[in-house]
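Novice: Can you keep this structure in mind? I'll have questions shortly.
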Amino acid sequence: MTDTMTPAPRPARRNRRAAGTDPEKRRQILDGAYQVFTARGFDAASMNDIAAAANVSKGTLYVYFQDKEHLFVALIERERETQKRGAFEALDQDADPVRALANFGRCLVRMINCEFAVSAHRIVIGVAERMPDIGRSFYENGPMQGTRLIARHIERMVAEGKLVPIADTGLAAVQFIDLCQSTLTRPRLFNAVRTPPDKAEIDHIVDEAMAMFLARYGVKRGA
């Protein structure tokens, strides 16, 4: 008699990841996107270009990212998180909160003026009018977070008697951040200066920023 029983299903392969969840493949795609976006900008980049640069099929690309906009946002988030860690950690590298603030300023200027950050700022500004969600996300998860972090640090400095009482620590934080970027960031964004500032330039501008900030908010000893 012929055995008509249905064959038992083959056991599933172990360690096989669900579609779109392989972190190494995701990293590979983001690395390819980094090359394309920084070289061509957002509008000129295509998913075909990114698939080729990442050495994946276009079908695989769409399994991980539904469109170019979501891919770009994911890339910005990855690069920003890597860079932010260094800037935020700078506040903890010195027990003196004044020196820690200067450390943060130097790290921030290096971060904002690196090639990818400059390209990302240009791209976001270029697409923000027709894709406001991208612009809002970029601001809220980048500059706004940095401002809040510095505002908390300033509050700590006030509590420790390093600064005079400040009614609006958020404004003071923005003032400090803007002072640190003076003469450096805007020329980079407009491509008037094509190379990042060197250490001597950064040290000079941040030292001057600290001097101005402390002239306004520092405690006047012996007054």
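The values are calculated or read from the model by the stated rules, or taken from the named source; none is laboratory data. Keep in mind that what you see is a predicted model, and the values were worked out from it rather than measured. Note that we place each Cβ from the backbone using ideal geometry, even for glycine, and neighbour counts take in every protein chain shown. Only protein heavy atoms, including side chains, enter the accessible area calculation; ligands, DNA and RNA are left aside. Shrake-Rupley method; radii C 1.70, N 1.55, O 1.52, S 1.80 Å.
Novice: Return only the number of the condition from (1) within 23 Å of THR82 (Cβ to Cβ); (2) modelled with pLDDT under 95 that ARG221 does not satisfy.
Specialist: (1)
Novice: Follow-up. Only one residue in GLY161, GLY135 is over 19 Å from VAL219 (Cβ atoms) and not aliphatic (A, V, I, L, M), so which one is that?
Specialist: GLY135
Novice: Quick test of your reading of the structure: ARG221 fulfils all but one of (1) closer than 14 Å to ASN113 by Cβ; (2) of a type in the set (D, E, K, R); (3) open to solvent by 60 Å² or more (accessible area, probe 1.4 Å). Name the failing condition by number.
Specialist: Evaluating ARG221 over (1) closer than 14 Å to ASN113 by Cβ; (2) of a type in the set (D, E, K, R); (3) open to solvent by 60 Å² or more (accessible area, probe 1.4 Å) leaves (1) as the failure.
Novice: On to the next question. If you scan the stretch 79-97, which residues turn out to be under 30 Å from VAL219 (Cα atoms), among the charged types (D, E, K, R) and in contact with a helix residue (DSSP H, G or I) (Cβ under 6 Å, 6 or more places away or on another chain)?
Specialist: Within the stretch 79-97, just ASP94 meets the criteria.
Novice: Here's another thing I want to ask about it. Which members of the stretch 183-200 meet the condition of being open to solvent by 50 Å² or more (accessible area, probe 1.4 Å) and among the polar types (S, T, N, Q)?
Specialist: The answer is THR183, ASN191, THR195.
Novice: Restricting to the stretch 158-190, what's the tally of residues that are within 19 Å of the chain's Cα centre (by Cα) and touching a residue at least 24 places away in the same chain (Cβ under 8 Å)?
Specialist: Number of matching residues: 10.
Novice: Quick test of your reading of the structure: GLY170 fulfils all but one of (1) open to solvent by less than 30 Å² (accessible area, probe 1.4 Å); (2) within 28 Å of GLN35 (Cα to Cα). Name the failing condition by number.
Specialist: (2)
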